[in-house]
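Colleague: Provided herewith is a single structure, encoded as structure tokens, for subsequent inquiry.
The numbers here are math on the coordinates, done by the rules we state, and not lab data. The model shown is predicted, which means the values in this text are computed figures rather than measured ones. All Cβ positions, even for glycine, are placed from backbone atoms using ideal geometry, and neighbour counts span all protein chains on display.
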Amino acid sequence: MGAVLGKWDRWEAIVDLHAADPALPVDMRTFVDLAGGLAGETWDRARRVLRDSERLVHETGSTKTFRPDEARLHAPIAPRLLRDFLAFRGHVARARAAIGSAVAAEWDRTPAYFNENHLNVIGPGDVVPRMQYEIFDRSVAKTVETQRLDYEAEIGYVLGVNGHKIEARDANSHLFGVTIFNDFSARDIQLIATKVGMGPAPGKDWANALGPCIVTRDEFGELKDQRIAVRVNGEERLRERYYDMVYKNPFVKEGERAAWTFPEKVEVLSRSQKIHAGEVWGSGTIPGGCELERGDQARYLRPGDRVEIEIEGIGVLANSVATSL
């Protein structure tokens, strides 16, 4: 486990926290279990290491700090559980409009979510495996490669404190930090599965990307005016501010709910079950953050394509699609 020194878009160094203080854990999930509330002995130890980081960076022959180009980044956490919400009306409305449908009335009744596969998580720079699925035609099985491989730009909320029956006003104290979540989606098998009535999971649980880091809630602040961009092979597909995409979206009429917020999700979900430190919750696709919304104009990912999601204050999560099966 490391800590970044420098600005979100200009990393100066990465500190190996365990090397600097062997009492600190080597993996993020253990750190979150011990310091997810941004308090306590483990949190204080990590803060002391960072306060000493100026000397570590310039220490000759130090094995405790690295230049960013010397480090190989992995997914910033192995989630204890991975959930994904459908939380933005602008995304739902535009995606439904693309197929001649409308937002279901039930969307306003609860922040709906499904459980992703938390074991199939990749990190920044990792290659996305090409998605094949088996389908039956008149009882004959055939293997098909997806022709509608989509990216989804989301915020990943990393929970830091267990809880049950949490009020919305107290929800942020259960948040450790945020990361970028790219919920890769095979839209063709997703469409088949949803018509069965079992949700989108078969098209979504084979590759989930997190990274490049987790920014703790005290560093990130309020989610409001951050600029979000998506690039495919260097071509910009999206660049806009979060608030404008969500709350000034032309697909959201005056008086309609624009989003389910993180505190609302925490209150609703924790009412029925205990939530746990180390869970990661996808915000849902930020409006404009996928190709599905573009209907017939969608340009789905092809083998070799490189997709980058940039969120101001966090960084860039970049992954390429495999060229071979």
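Colleague: Which parts of the range 165-191 would a label at residue 273 reach, counting a residue when its backbone N lies under 16 Å from a point 7 Å out along Cα-to-Cβ?
Modeller: Once the point is set 7 Å along Cα→Cβ of residue 273, 165-166 turn out to lie under 16 Å by backbone N, inside the range 165-191.
Colleague: Mind sorting 142, 248 by how few other Cβ atoms lie within 10 Å of their own Cβ, fewest first?
Modeller: Ordered by Cβ neighbours within 10 Å, fewest first: 142, 248.
Colleague: Next question, about the same structure. Could you work out [θ]222 nm for the chain from helices alone, using -39500 (n - 2.57) per DSSP H run of at least four and dividing by all its residues? Round to the nearest 500 deg cm²/dmol. Can you show the working numbers first?
Modeller: Numbers: 9 runs with 70 residues, N = 325.
That calculation yields -5500 deg cm²/dmol at 222 nm.
Colleague: Beta carbons within 10 angstrom, averaged per residue: use that to sort the peptides 194-200, 275-281, highest first.
Modeller: Taking the mean over residues of other Cβ atoms within 10 Å, the ranking is 275-281, 194-200.
Colleague: Taking a threshold of 19 Å on the Cα-Cα distance, which of the pairs 204/253; 195/253; 224/248 fall above it?
Modeller: As for pairs spanning more than 19 Å Cα to Cα, those are 204/253; 195/253.
Colleague: Can you give the FRET efficiency for residue 325 and residue 7, using 1/(1 + (r/R0)^6), R0 = 45 Å, r = Cβ-Cβ distance, to the nearest 0.05?
Modeller: Efficiency at R0 = 45 Å is approximately 0.70.
Colleague: Right, another one. Tell me, Kirkwood radius of the range 73-232 from alpha-carbon pair distances, in Å?
Modeller: Roughly 17.7 Å, rounded to one decimal.
Colleague: Please arrange 122, 135 by counting, for each residue, the other beta carbons lying within 10 Å of its beta carbon, fewest first.
Modeller: 135, 122
Colleague: Oh, and also: Hey, with R₀ at 25 Å, roughly what FRET efficiency would residue 247 and residue 47 work out to, going by the Cβ-Cβ distance, to 0.05?
Modeller: So, using R0 = 25 Å, E works out to roughly 0.10.
Colleague: Still on this structure: Once all Cα-Cα distances of the range 1-70 are split into 5 Å bins that start at 0, what whole-number percent is in each one?
Modeller: 3, 18, 28, 25, 17, 8, 1
Colleague: Counting only Cα atoms, I'd like the Rg/Rh figure for the range 217-325, Kirkwood definition for Rh.
Modeller: Ratio of gyration radius to Kirkwood radius: 1.01.
Colleague: Of all the C-alpha pairs in the range 259-318, what % are more than 19 Å from each other?
Modeller: 53
Colleague: Just want the ordering: 101, 185, 272, 320, from fewest to most Cβ atoms lying within 10 Å of their own Cβ.
Modeller: The fewest-first ordering by Cβ neighbours comes to 272, 101, 320, 185.
Colleague: With labels modelled as points extended 7 Å from the Cα through the Cβ direction, what inter-label distance (nm, one decimal) is found for residue 312 paired with residue 27?
Modeller: It is 3.6 nm.
Colleague: Could you tell me how far the Cα centroid of the range 1-38 sits from the Cα centroid of the range 277-294, in Å?
Modeller: 26
Colleague: Hey, could you grab the Kirkwood Rh for the chain? Inverse mean 1/r over distinct alpha carbon pairs, Å, one decimal.
Modeller: 20.7
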